[in-house]
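Some notes on the structure that comes next.
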Amino acid sequence: PDGAPVLLIHGSTDNSRSWSMAAPYFAKAGYHVYMPDLRGHGYTDKPETGMYTVGDYAGDIAAFMEAKGIEKADIVGHSMGSAAAQAFLLTFPEKCGHVVLVSSSPVRARGVGTYEMAITLGEDEHPSDEFMDSWYVNPNPVDEEFLSYEMKESQRLDANAWTCIGAGSAVMDLTILYPYMDTSIPVLILYGSADSFTNPEEQEELKAAFSHADYITYDGIGHNIQWEIPEQCAEDILAFIAQ
């Protein structure tokens with residue numbers, strides 16, 4: 001309970017359990033691990049506000065830290081959680097220790113495929129099994145029991161949550177703020193070369209925007225680094241935040 005705080009932020013339609021295979025390594029290293037469900041995800045409220053943006057998530061993280069009495073923390077975000085971490089770094093730099101962006105990309109308007117699927121759902125309907133299989137595809141083996149729970153919990157999100165999450169990912173652009181970021185805050189970027197949600201061109205753009213960041217590429221690893229190689233992912237993050 002007296003360990004330095006580290007916040008592990010999940011990705012789009014995931015939940016705090018997304019980090020459950022990597023989190024024990026942080027706890028063993030002596031950190032106090034926080035794994036919140038972002039708004040609209042997991043067990044957190046799902047307000048019918050039309051969209052949840054990365055700015056909303058960043059504000060919620062700040063409010064969470066204030067409620068817990070945390071002045072500063074190391075922030076680790078995966079995928080959409082890494083976009084929220086970028087927004088947090090840009091808007092609340094005084095609250096950041098180290099920032100780690102896992103399977104990240106420049107934050108700008110993305111495709112609307114998720115939103116297009118979500119708005120076809122009736123009030124009591126959920127995404128199809130076929131959609132979920134494609135949503136959670138991994139190029140390398142992932143613990144099957146863990147993945148089954150993760151997929152089921154994501155699929156149980158209602159149409160409003162899926163719609164708000166999808167809409168929010170389609171409208172936010174942080175790239176115009178990159179030149180103004182506080183480069184004194186240490187940043188680490190982790191990327192899997194088999195990531196199907198981003199591409200090498202976006203990675204080069206991200207490295208240019210965060211030119212002060214450390215960067216690690218995992219050959220043959222996909223988008224869910226903390227699922228495919230949880231121990232290696234945790235060890236690399238721990239080595240970085242211990243500096």
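The values are calculated or read from the model by the stated rules, or taken from the named source; none is laboratory data. Fair warning: this is a prediction, and the values are worked out from it, not measured in the lab. Counting neighbours? That spans all protein chains shown, and the Cβs are built from the backbone with ideal geometry, glycine included. Remember, those area values only see protein heavy atoms, side chains included, never the ligands or the DNA or RNA. Shrake-Rupley method; radii C 1.70, N 1.55, O 1.52, S 1.80 Å.
Remarks
- The residues of segment 185-212 that are surrounded by fewer than 19 Cβ atoms within 10 Å (Cβ to Cβ), among the hydrophobic types (A, V, I, L, M, F, W, C) and touching a strand residue (DSSP E or B) at 6+ places or on another chain (Cβ under 8 Å) amount to a single one, 185.
- Contact map, segment 87-99: residues that are among the β-branched types (Val, Ile, Thr) paired with residues that are in a strand (DSSP E or B), Cβ distance under 6 Å, separation 6+ or inter-chain. Pairs shown: 99/75; 99/187.
- Residue within segment 27-35 that is under 20 Å from residue 100 (Cβ atoms), open to solvent by less than 30 Å² (accessible area, probe 1.4 Å) and under 17 Å from the mean Cα position of the chain (by Cα) present: no
- Any hit, segment 81-96, residues being outside any helix (DSSP H, G or I), modelled with pLDDT of 95 or more and in contact with a Leu (Cβ under 8 Å, 6 or more places away or on another chain): yes
- Selected residue (criterion: least open to solvent (accessible area, probe 1.4 Å)) from residues of segment 106-136 that are part of a helix (DSSP H, G or I) and closer than 25 Å to residue 191 by Cα: 132
- Residues within segment 137-170 that are open to solvent by less than 30 Å² (accessible area, probe 1.4 Å), touching an Asp or Glu at 6+ places or on another chain (Cβ under 7 Å) and assigned to a loop (DSSP other than H, G, I, E, B), tallied: 1
- The residues on offer are 60, 74, 56, 14, and the sole one that is closer than 26 Å to residue 198 by Cβ, open to solvent by 40 Å² or more (accessible area, probe 1.4 Å), of a type in the set (Asp, Glu) and touching a Gly at 6+ places or on another chain (Cβ under 9 Å) is 56.
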